[in-house]
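In what follows, a single structure is set out as structure tokens and then discussed.
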């Protein structure tokens, strides 16, 4: 009986060994696939702006020079004497008068009420009792006559030393109101500016008072009457 139990035990042990040998443990490997990262390339488009060509047109300045003329004025001078030699005339480029201080070296503005007429020639018709301008005082003269508006004018350069005028004298204006009693014979109005510091002068005699502006005495010859100097 004991031997039977031994045999059975041995048989069971054999079965167990066979079962253990035939048992296989399988291992499954899991491979994790990393997702592929897609790279996105950015395309940059550069727009090239076309430069516009700019054409600059330079304006050409046209300068008109009025040349002196020997035309006669639109009015005929009379022999009206005026007061204290204060009657003057403007006849041509070489025959005209200017008002100056009565004393050599006098200040222009300080003698607005006392200035007297001096002419380029002695005993000129229409300029009774007028003096004669010193030799060399008039350096240049440009005569203009406007027959439509009815005025005549003379503009030019002067030599202040010939009458002792000061280089510091900024000048002033003479017209039909000052000097007292002054007239430009043959015309209803006149305006004259004398600038010793710049050594220029200008005078205009007018049939229409509006053409002889007397309210711009500080502007100077070039702005008031224009002309050539």
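Each reported figure results from applying straightforward, stated rules to the coordinates on display, with no laboratory input. The model shown is predicted, which means the values in this text are computed figures rather than measured ones. Glycine also receives a Cβ, built like all others from the backbone with ideal geometry; neighbour counts cover every protein chain displayed.
Key figures
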| quantity | calculated |
| --- | --- |
| Packing rank of 138-144, 151-157, 169-175, where each peptide gets the mean count of other beta carbons within 10 Å, highest leading | 151-157, 169-175, 138-144 |
| Cα gyration tensor shape for the stretch 87-224, rounded if a/c is under 1.5, else prolate or oblate | rounded |
| Extension gain (nm, one decimal) between residue 208 and residue 147, 0.36 nm per residue minus Cα-Cα | 20.8 nm |
| Inter-label distance, nm, simple model (7 Å from Cα along the C-beta direction), residue 216/residue 135 | 3.8 nm |
